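J.: Before I ask anything, let me first share the structure, which is written out below as structure tokens.
The values are calculated or read from the model by the stated rules, or taken from the named source; none is laboratory data. Keep in mind that what you see is a predicted model, and the values were worked out from it rather than measured. Cβ placement follows ideal geometry from the backbone for every residue including glycine, while neighbour counts extend to all protein chains displayed. Calculation scope for accessible area: heavy atoms of the full protein, side chains included, ligands and nucleic acids excluded. Shrake-Rupley method; radii C 1.70, N 1.55, O 1.52, S 1.80 Å.
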Amino acid sequence: MSKTRVDDFDQAICRGTHSDVETPCPHLVDGQDETGRAVVDRLARLETNALETVTGAEQFKCEHCGCPLANLEKVNLAPDACPRLQTHDKQER
């Protein structure tokens, strides 16, 4: 799945805890859930397990691309099909 560089990918926008949104994104899934992307799902499960162990916090991923939100936030990328793309990308272009 294609991704778009954004100004500030914030997991809180996906989780529904950001001031600009009222509910969690409908494409937010648990880090262990299957998204139909076999290889990505296996890698994401390994990564979210490691992050949960280190941080003690539940990890989530995007149903569109299968990527852990922590990764998307780190590289400031959002899936092209993200319904909250404009919220992740506040910078004027």
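J.: Could you tell me which of the residues THR55, THR23 is at pLDDT 95 or above and open to solvent by 30 Å² or more (accessible area, probe 1.4 Å)?
T.: Step by step, each of THR55, THR23 is checked, and only THR23 is at pLDDT 95 or above and open to solvent by 30 Å² or more (accessible area, probe 1.4 Å).
J.: Can you tell me how many residues in segment 36-88 are outside any helix (DSSP H, G or I) and either within 15 Å of MET1 (Cβ to Cβ) or under 14 Å from the mean Cα position of the chain (by Cα) (or both)?
T.: 22
J.: Take segment 3-48 and flag every residue that is in contact (Cβ under 8 Å) with a residue 40 or more places away in the chain and of a type in the set (D, E, K, R).
T.: LYS3, ARG5, ASP7, ASP8, ASP10, ARG15, ASP20
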